[in-house]
1. Being crowded, with 17+ Cβ neighbours inside 10 Å, closer than 30 Å to Leu299 by Cα and either at pLDDT 95 or above or of a type in the set (Ser, Thr, Tyr) (or both): is that true of Leu78 here?
2. State which residue is modelled with the lowest pLDDT when the search covers only region 63-75 and only residues that are of a type in the set (Ser, Thr, Tyr) and open to solvent by 10 Å² or more (accessible area, probe 1.4 Å).
3. Quick one: how many residues across region 269-287 are over 14 Å from Asp72 (Cα atoms), charged (D, E, K, R) and open to solvent by less than 30 Å² (accessible area, probe 1.4 Å)?
4. Within the bounds of region 262-274, is there any residue that is among the aromatic types (Phe, Trp, Tyr) and in a helix (DSSP H, G or I)?
5. Would it be correct to say that Leu79 is touching a residue at least 60 places away in the same chain (Cβ under 8 Å), among the hydrophobic types (A, V, I, L, M, F, W, C) and out of contact with any Cys (no Cβ under 8 Å at 6 or more places or on another chain)?
6. Somewhere in region 370-383, is a residue open to solvent by 50 Å² or more (accessible area, probe 1.4 Å), closer than 29 Å to Ala55 by Cα and in a loop (DSSP other than H, G, I, E, B)?
7. Every residue in region 429-471 that is within 23 Å of Gly307 (Cα to Cα), in a loop (DSSP other than H, G, I, E, B) and not aliphatic (A, V, I, L, M), please.
8. Got at least one residue in region 159-166 being among the polar types (S, T, N, Q) and assigned to a loop (DSSP other than H, G, I, E, B)?
Amino acid sequence: MKKFKLWLGLFSASVALAVWSGGTGGAATIANSARQSPGADGVGFSPQEWTIINALSPLPHLPVDTTNKYRDSAAAALLGQKLFFEPRLSGPIQQGTPAEGQLGAIGEKGKIACRNCHMPESTWLIDIRFNNGGPIPNATALGSAWMTRNVSSIVNTVFYVHPESRAHWRENDGYSDSEWFDAQSEPEGPPVQNGSRLQLAHVIFEHYHDDYNNAFPDWSLDAGLANYTRFPATGSPYTDTANWNSLSPTDKEIVNRVLVNYGKAIEAYLRKLVSRNAPFDRFVAGENDAISLEAKQGLKLFIGKAGCLHCHYTPLFSDDDFHVIGLHIDTSLSPHADPTEIGRAANQALICNPAIADGDFNVNGHFSDDPDSERDGNFCSQGIPQGLWRTKTLRQIAGTPPYFRDGQAATLDDVIEFYDRGGDPNGTFLGGPKEIRPLHLSREEKQWLREFLETLTGDPIPGEFLKDLHNP
């Protein structure tokens, strides 16, 4: 609360946008100057309210990630797109049946690609096998095994940048400090694709040799993997560990570099998955009829009485920070969720300790293209309490149900009811104190708030970035 009040007292619309994005907001400010007289916008936003509204739009230019010098490489993005659709990175299926939406039989390999949990046919790259608000167990994701969390949209996630520290945390629990580090976990994550980094190196050498060398000319496969058959077919610090441990430090470094570059290619692809031009953005830019009167009333609640702005105050509608909202995980609604998960506190050792398997993959490790970066926000020196979970973007929120980290809220109305009652009772969730309070919204106000949230859905992703281009 203190941080928000300080921020609110310091910024103007143009300054806030410049600080957050290095971009511009002046055009919207000028367009709105004629609408700042009472009633001109149909609701009567004050000049102070327009200052806040202008800071919420538009989305800025893509953030600059100096830790990945290939982030805007067309060749890297193309490779990332191909690998996004590549099922041969996956290992044996462990759980689930076809009736539950599993993609093969127990023990089958090569069935699960990134696209199976982030489905292009869903529009917003969510898993419509389970992200449908339907009956249980359709709440958490099913990869090689049941996961404990819902599938989030990956559209616009490149904009997750903390407005002060410039940190770029990933996942609901801040699992990793870059997109390229985060992407590395999918191929060999046991509940996700259940493959391994040695398997990934083989697939890339056998099927993406030229694509990889074009994307990463300074890390040619032929320099380290020319005799790739001497490497075991599978193995990582997590699975087939004997194979992995049989490698020399030099060979581990070669395979780890391929894994890192896989992640950097995926990041380059994710930077193509951007949606702009939501009705709300058009309204802020001066198109007064872009959103309804009810949505404008909902916007007034959003920046005022409903208190949403405390955590959703950037153009991404996320502060990219971590909070305790008081969510009790209800396993009757989401049976594969884990009520004992502690959130952000679980990841400090993973990110910060170079002695463990992934400790050197952080933004200050030697695989980073800017190891002197300060974008981690001094995370490794902080004490992290239990129960902190990230603020998720509200863009595309109307098209990405169900909600919360375990998917237990089927509709936006359910979410609004949760916040209106001030979260769940103390003692039913980990961490604290709870950072939200009852809102006491009327039925009509709740409808207005939902109407506003429905204006945050932008243009669909261009079809060229949703094509399955993976190599034979």
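1. Numbers: crowded, with 17+ Cβ neighbours inside 10 Å: yes; closer than 30 Å to Leu299 by Cα: no; either at pLDDT 95 or above or of a type in the set (Ser, Thr, Tyr) (or both): yes.
Answer is no for this residue.
2. Thr66
3. 1
4. Yes, region 262-274 has at least one match.
5. The answer is yes for Leu79.
6. yes
7. Within region 429-471, Phe429, Gly431, Gly432, Pro433, Lys434, Glu435, Arg437, Pro438, His440, Ser442, Thr457 qualify.
8. Scanning region 159-166, I find at least one residue that is among the polar types (S, T, N, Q) and assigned to a loop (DSSP other than H, G, I, E, B), so the answer is yes.
The values are calculated or read from the model by the stated rules, or taken from the named source; none is laboratory data. Everything numeric in this text was worked out from a predicted model, so none of it was measured. Counting neighbours? That spans all protein chains shown, and the Cβs are built from the backbone with ideal geometry, glycine included. Protein only, heavy atoms only, side chains kept; ligands, DNA and RNA dropped before computing areas. Shrake-Rupley method; radii C 1.70, N 1.55, O 1.52, S 1.80 Å.
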